[in-house]
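> One structure follows; several queries about it will come next.
The values are calculated or read from the model by the stated rules, or taken from the named source; none is laboratory data. Predicted model only: the values in this text are computed from it and were never measured. Here Cβ is always computed from backbone atoms with ideal geometry, including for glycine, and neighbour counts include all displayed protein chains. What goes into the accessible areas is simple: the full protein's heavy atoms, side chains included, and nothing from ligands, DNA or RNA. Shrake-Rupley method; radii C 1.70, N 1.55, O 1.52, S 1.80 Å.
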Amino acid sequence: MRWWAFWRRVEYGAAFLVLCAGIGTGLYYMYGYEAPTCFDGLQNGDERNVDCGGVCQRICPMDITMPTALWAESFKVVNGQYNAVAYVENRNKDIGSPELSYTFKLFDAQGALITERSGTTVLPPDGVYPIFEGRIMTGDRVPAYTSIEFGEDILWRKGSVGRDQFTLEKRELVNADSLPKLTANLRNSSLDEAEDVEIVATIFDSQKHPLTAARTVLKYFPGRTSEDVVFTWPEPIAKTVKSCEIPTDVALAIDLSGSMDNDGGTPPEPISSVLAAATDFAKQLKEDDQVTLVTYATKAEVVEPLTHESSRVANDISKLAIDPKEQTGSTNTGDALLKIASELGSTRHSADARKVAILLTDGLATAPDDPEVYAIREAEDLKQMDVLLFTIGLGADVNEDFLRAIASNPSMYHKAPSAKDLSSIYAGIKKDICEDGPAVIEIIAKPKTSFQ
């Protein structure tokens with residue numbers, strides 16, 4: 001056997017096979033090969049998972065912490081119109097979403113869906129950001145519960161700019177009881193300019209429960225500069241925000257009918273204890289607060305119009321006395337409420353202050369004709385003026401259902417079994433009116449982050 005001939009045949013055959021393989025490979029790359037992409041539904045190239053990670057901009061799901069809704073609320077703007085707001089936490093340090101889809105759902109007290117609103121927003125990295133949907137119409141239905149849901153397929157991208165780009169330098173809330181306006185000064189601490197910066201202001205109570213919110217948009221914000229931004233509300237918010245930072249205009253209405261000294265004694269009771277408790281209350285008002293004094297029996301009288309001089313009003317209260325003619329007189333609760341309305345609705349009322357009235361009585365409304373109907377009608381007028389009306393029923397001879405009915409809500413009626421309970425009741429009302437400390441106002445700027 002000629003071995004050299006055999007190996008030559010092998011070499012020729014191998015060369016032929018290599019040639020065929022080369023031709024086949026060339027034809028495959030020319031006509032059949034598709035290069036790996038980030039959209040081919042395959043894990044190829046240097047991808048960490050299917051179409052994500054490596055050279056692909058899309059972030060792999062295992063590298064993501066899903067956003068969390070910390071709370072969602074609806075705030076009344078005017079009757080039948082609400083703003084829906086949610087705080088959303090993104091815990092991903094350098095990852096955000098340029099298009100986060102969401103849906104707000106508003107439900108009534110029975111759990112029935114009123115309406116829903118969908119949209120998309122940017123979610124920058126590493127922080128808590130507001131989502132705001134304004135002018136949601138609800139007709140004559142009142143939202144009692146609000147939820148937010150996120151779309152299933154969230155687009156995640158690498159991003160570098162978060163809420164730390166902007167810092168709040170100062171703020172001022174004015175006209176809280178007329179046309180509220182919040183002015184804030186923000187600084188863009190970055191060298192980079194920002195465009196279409198959405199800024200949401202949310203006001204909280206002392207327990208960090210949101211009370212109201214507003215939004216504005218800054219079209220252009222140069223780097224390393226400060227800008228004033230303004231938030232407005234079409235209706236008063238003074239009654240909603242209980243911080244003592246918002247002053248109070250308070251009307252004290254004291255029953256001076258003949259029954260107020262029925263307990264006798266020297267000095268007479270319960271009137272002496274009533275005046276002492278009301279005097280202490282007036283003395284504790286703050287410098288920016290105002291107080292007016294109304295007394296009533298057969299008729300009502302404004303003893304002191306609204307004034308910042310609370311010490312003078314306190315002195316006037318301590319000197320009040322029952323007119324002997326009122327021993328056989330009446331109790332005109334409706335007229336007292338009418339006088340309160342005229343004073344709190346006057347030009348002396350501060351546009352920055354909430355309106356509060358505290359009415360004390362130890363008996364029944366007995367004047368004029370249909371006295372309780374008249375008083376309830378006047379109380380309704382006060383409620384339309386956004387007055388917070390507290391009522392105090394002293395002793396056992398009051399109509400508690402009536403006093404609950406004229407109060408702004410039933411919980412704002414206080415029963416005083418005896419005069420010794422009045423000091424603690426006035427102190428409790430003072431806490432209900434305002435919570436010590438500045439208003440908790442968060443102003444968050446949400447930049448349109450540059451995503452990779």
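> Of Ile406, Asn83, Pro438, which is farthest towards the positive pole of the chain's charge dipole, taken about the Cα centre with +1 and -1 on the beta-carbons of Lys, Arg and Asp, Glu respectively?
Selected residue: Asn83.
> For the chain, what is the accessible area per residue in Å² when the probe is 1.4 Å?
Numbers: 23030 Å² over 452 residues.
Per-residue accessible area for the chain comes out at 51 Å².
> Still on this structure, please answer the following. Highest mean first, what order results for 223-231, 402-410 on Cβ atoms within 10 Å?
In descending order of packing, they fall as 402-410, 223-231.
> Could I ask something else about it? Quick check for me: using +1 on Lys/Arg Cβ and -1 on Asp/Glu Cβ, what's the dipole size of the range 312-452 about its Cα centre, in debye to the nearest 20?
720 debye
> Then there's this: Given Cβ point charges of +1 (Lys, Arg) and -1 (Asp, Glu) and nothing else, what value in debye, to the nearest 20, does the dipole of the chain about its Cα centre take? Mind showing how you got there, number by number?
Working: 44 positive and 67 negative charges, 435 e Å.
That gives the chain a dipole magnitude of about 2080 debye.
> In the range 168-320, what percentage of the DSSP-assigned beta bridges are antiparallel, given to the nearest 5? If you can, show how the numbers build up before the last one.
Working: 30 of 37 bridges.
So the antiparallel bridges in the range 168-320 amount to around 80 percent.
> Return the calculated 222 nm mean residue ellipticity for the chain, to the nearest 500 deg cm²/dmol, obtained by summing -39500 (n - 2.57) across DSSP H runs with n ≥ 4 and dividing by the residue count.
Rounded to the nearest 500, the figure is -7000 deg cm²/dmol.
> Mind checking the angle between helix 333-344 and the chain's longest principal axis? C-alpha axes, 0 to 90 degrees, to the nearest 10.
That helix lies at roughly 60 degrees to the long axis.
> Which percent of the accessible area of the chain is formed by carbon and sulfur heavy atoms (probe 1.4 angstrom)?
In the chain, the share of accessible area belonging to carbon and sulfur is 50 percent.
> Explain nothing, just the number: dipole magnitude of the range 213-339 about its Cα centre with +1 on each Lys and Arg Cβ and -1 on each Asp and Glu Cβ, in debye rounded to the nearest 20.
580 debye
> Which whole-Hz couplings ³J(HN,Hα) result when phi for each residue of the range 315-332 is put into the Karplus expression 6.51 cos²θ - 1.76 cosθ + 1.60, θ = phi - 60°, listed in order with x for Gly and Pro?
With the stated coefficients, the range 315-332 comes to 5, 4, 4, 5, 9, 5, 8, 7, 5, x, 5, 7, 4, 10, x, 10, 10, 9 Hz.
> Among 383-393, 76-86, how do they line up by average Cβ neighbours within 10 Å per residue, starting with the highest?
Descending packing order for the listed peptides: 383-393, 76-86.
> Quick one: work out the % antiparallel among DSSP beta bridges in the chain, nearest 5.
75 percent
> Still on this model: Rg/Rh for the chain to two decimals, with Rh computed the Kirkwood way over all alpha-carbon pairs.
A ratio of 1.30.
> Which whole-Hz couplings ³J(HN,Hα) result when phi for each residue of the range 429-437 is put into the Karplus expression 6.51 cos²θ - 1.76 cosθ + 1.60, θ = phi - 60°, listed in order with x for Gly and Pro?
Whole-Hz 3J(HN,Hα) from phi for the range 429-437: 5, 4, 5, 5, 5, 8, 9, 4, x.
> Given a Förster distance of 45 angstrom, what is the FRET efficiency for Gln207 paired with Leu364, based on the Cβ-Cβ distance and rounded to 0.05?
Using R0 = 45 Å, I get an efficiency of 0.75.
> Just to confirm the number: angle between the C-alpha axis of helix 371-384 and the first principal axis of the chain, 0 to 90 degrees, nearest 10?
40 degrees
> Oh, and also: Kindly state, as a whole number, the per residue volume in cubic angstrom of the convex hull around the alpha carbon atoms of the range 83-229.
Given the Cα convex hull of the range 83-229, per-residue volume reads 142 Å³.
> A further question on this structure: Just subtract the alpha-carbon distance of Thr232 and Met66 from 0.36 nm times their residue separation and send over the number in nm, one decimal.
Difference between extended and current length: 56.4 nm.
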